[in-house]
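First up is the structure itself, then whatever we jot down about it.
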Amino acid sequence: MEVLSTIAEIIRDLLIFVAAMTGLLIALVVVVSKLPDSNPLKRLLTALTYRVGATAAAGALAIPIEPIPGIDALYDFAVPIVLIWYWFTFFRDAWRMSKASPPYQQRRIAQDGR
């Protein structure tokens with residue numbers, strides 16, 4: 001009985017952690033959504049939310065497609081390839097964005113010393 005109590009406490013703590021992280025993610029999305037469209041953080045978070053949404057949609061779409069024999073096999077083969085490519089483009093673009101030079105105004109301020 002003590003083992004079940006310990007497992008219940010671990011699951012409860014994990015659920016609390018997931019709820020706290022979800023709350024922090026929502027707060028981050030709200031704060032970043034207030035930034036201007038040209039802000040790199042906003043562009044990165046927008047791309048990330050599109051990827052997470054596409055991954056969740058692919059998983060949700062797999063449930064009704066599973067009973068159909070021919071389409072199921074095609075779906076199981078094609079969707080992971082498409083998702084891997086989609087996530088690869090996210091990391092590739094994020095890497096390029098991190099290596100890009102700062103905007104003109106920031107370079108000018110750095111050169112002027114103001």
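The values are calculated or read from the model by the stated rules, or taken from the named source; none is laboratory data. Fair warning: this is a prediction, and the values are worked out from it, not measured in the lab. Ideal geometry is used to build each Cβ from the backbone, glycine not excepted, and the neighbour counts take in all protein chains shown.
Observations on the structure shown:
- Screening residue 32 with (1) touching a Leu at 6+ places or on another chain (Cβ under 7 Å); (2) farther than 19 Å from residue 97 by Cβ gives one miss only, at (2).
- Qualifying residue in region 11-25 (condition: outside the structural domain of residue 79 (by TED's automatic domain parsing) and under 12 Å from the mean Cα position of the chain (by Cα)): yes
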